[in-house]
Amino acid sequence: MGVAALVLGIISLLIGFIPVIGAIAFIPALIGLILGIVEIVKKSKNKEPKAMGIAGTVLSAIAIVIIIFWVFIVGTVTYEVINNPEDFMEALNEEYDRWEEEWLESGYGEL
């Protein structure tokens, strides 16, 4: 179980960094967290080393925090865009104008 928790924690952590898509890693991270905790409890009773369980639990917990962070950020941005589309388009146009100005100053030619 410790190996499974570790593998799920690593995979969930890597996938969790990807905005929007990373939300699918929540279930494996949760399973990894549960497996890691079960591993720690079982190994503690038998007085065996529990490093794999601890590592899997920590990685899964970190993955869950990152996934929740991305879901919150994407939700907040989506809410703002839906409720204030004019402000979003204005900021987008300003950013495009800034980018276009930098491109022209760099000497790469017209867009």
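The values are calculated or read from the model by the stated rules, or taken from the named source; none is laboratory data. What you see is a predicted model; the values in this text were computed from it and never measured. Ideal geometry is used to build each Cβ from the backbone, glycine not excepted, and the neighbour counts take in all protein chains shown.
Annotation note: of Ile73, Ile82, Ile54, Ile68, the sole residue that is among the aliphatic types (A, V, I, L, M), at pLDDT 90 or above, exposed (fewer than 10 other Cβ atoms within 10 Å of the Cβ) and closer than 25 Å to Phe26 by Cβ is Ile82. Just checking, does segment 64-77 include any residue being of a type outside the set (A, V, I, L, M, F, W, C), within 22 Å of the chain's Cα centre (by Cα), more than 17 Å from Val7 (Cα to Cα) and not in a loop (DSSP other than H, G, I, E, B)? For segment 64-77, residues of a type outside the set (A, V, I, L, M, F, W, C), within 22 Å of the chain's Cα centre (by Cα), more than 17 Å from Val7 (Cα to Cα) and not in a loop (DSSP other than H, G, I, E, B): present.
Out of the residues in segment 78-111 that are in a helix (DSSP H, G or I) and among the polar types (S, T, N, Q), which is nearest to Ile10 (Cα to Cα)?
The residue in question is Thr78.
Only a single item in (1) surrounded by 13 or more Cβ atoms within 10 Å (Cβ to Cβ); (2) modelled with pLDDT under 95 is not met by Ala63, and it is number (2).
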